[in-house]
Amino acid sequence: MKKAVQGFILITLLSVVSLADEYAVISNKQMKDLSITQIKAIFLKKITYVEDVKVIPVNLEARDSLRLQFENDILEMDFSRLKAYWTSQHYLGHRPPVSVKSEDSVITFVKKVEGAVGYVHVRSLNDSVKILYKWSD
């Protein structure tokens with residue numbers, strides 16, 4: 001009986017772990033490693049160059065669930081706070097990051113454009129890009 005309970009607990013724990021989604025901030029292979037603080041600053045356009053490379057943050061569409069996850073976990077801002085941030089930045093001449101429709105588009109853009117930084121589910125990745133940071137929910 002004790003082994004059956006232990007087995008049930010182990011299976012339950014493994015299923016909970018497997019339910020957690022993993023995400024990654026990515027760039028092309030030439031980008032230097034970046035800290036989470038630098039990544040946040042890039043997506044808020046507080047950093048526009050890393051060394052001599054112009055960085056280009058790439059978002060998914062505004063209501064995409066992964067984008068909302070990224071904004072909450074990495075930028076530490078919810079939708080309304082981020083909208084207010086970009087409204088104030090607009091009057092300073094700053095535009096929000098470019099948006100693309102899909103994770104495949106993020107990967108393609110990041111792979112082909114020097115300095116591009118984006119985010120995708122880890123399951124969407126291939127070896128054509130570099131992982132800068134990983135997180136999970």
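Looking at this structure, is residue 20 farther than 23 Å from residue 112 by Cβ, touching a Ser or Thr at 6+ places or on another chain (Cβ under 6 Å) and at pLDDT below 95? Even if it seems obvious, please write down each step before you answer.
Numbers: farther than 23 Å from residue 112 by Cβ: yes; touching a Ser or Thr at 6+ places or on another chain (Cβ under 6 Å): yes; at pLDDT below 95: yes.
Yes; evaluated as a whole, the condition is true for this residue.
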Some residue of segment 116-127 being among the acidic types (Asp, Glu) and loosely packed, with under 15 Cβ neighbours inside 10 Å: yes
Residue 66 being among the aliphatic types (A, V, I, L, M), in a helix (DSSP H, G or I) and either touching a residue at least 12 places away in the same chain (Cβ under 8 Å) or under 26 Å from residue 137 (Cα atoms) (or both): yes
Near pairs, Cβ below 6 angstrom, 6+ apart or cross-chain, from segment 96-124 (part of a helix (DSSP H, G or I)) to any residue that is surrounded by fewer than 18 Cβ atoms within 10 Å (Cβ to Cβ): 103/124; 111/128; 122/22
Residue list for segment 84-113, restricted to those being among the charged types (D, E, K, R) and surrounded by 13 or more Cβ atoms within 10 Å (Cβ to Cβ): 103, 111
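Do you know which residues across segment 64-78 are acidic (Asp, Glu), surrounded by fewer than 16 Cβ atoms within 10 Å (Cβ to Cβ) and in contact with a helix residue (DSSP H, G or I) (Cβ under 8 Å, 6 or more places away or on another chain)?
Answer for segment 64-78, where residues must be acidic (Asp, Glu), surrounded by fewer than 16 Cβ atoms within 10 Å (Cβ to Cβ) and in contact with a helix residue (DSSP H, G or I) (Cβ under 8 Å, 6 or more places away or on another chain): 76, 78.
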Conditions (1) among the charged types (D, E, K, R); (2) farther than 23 Å from residue 54 by Cα; (3) more than 17 Å from the chain's Cα centre (by Cα): number failed by residue 137: (3)
For residue 40: the one exception among (1) of a type in the set (Lys, Arg); (2) closer than 17 Å to residue 131 by Cβ; (3) part of a loop (DSSP other than H, G, I, E, B): (3)
Top-ranked residue of segment 69-95 - restricted to ones that are hydrophobic (A, V, I, L, M, F, W, C) and assigned to a helix (DSSP H, G or I), ranked as farthest from the chain's Cα centre (by Cα): 84
Search result, residues across segment 52-63 that are out of contact with any helix residue (DSSP H, G or I) (no Cβ under 7 Å at 6 or more places or on another chain) and either assigned to a helix (DSSP H, G or I) or buried (at least 17 other Cβ atoms within 10 Å of the Cβ) (or both): 56
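The values are calculated or read from the model by the stated rules, or taken from the named source; none is laboratory data. Please read all numbers here as calculations on a predicted model, not as lab measurements. Virtual Cβ from ideal backbone geometry, glycine too; neighbours counted across all protein chains shown.
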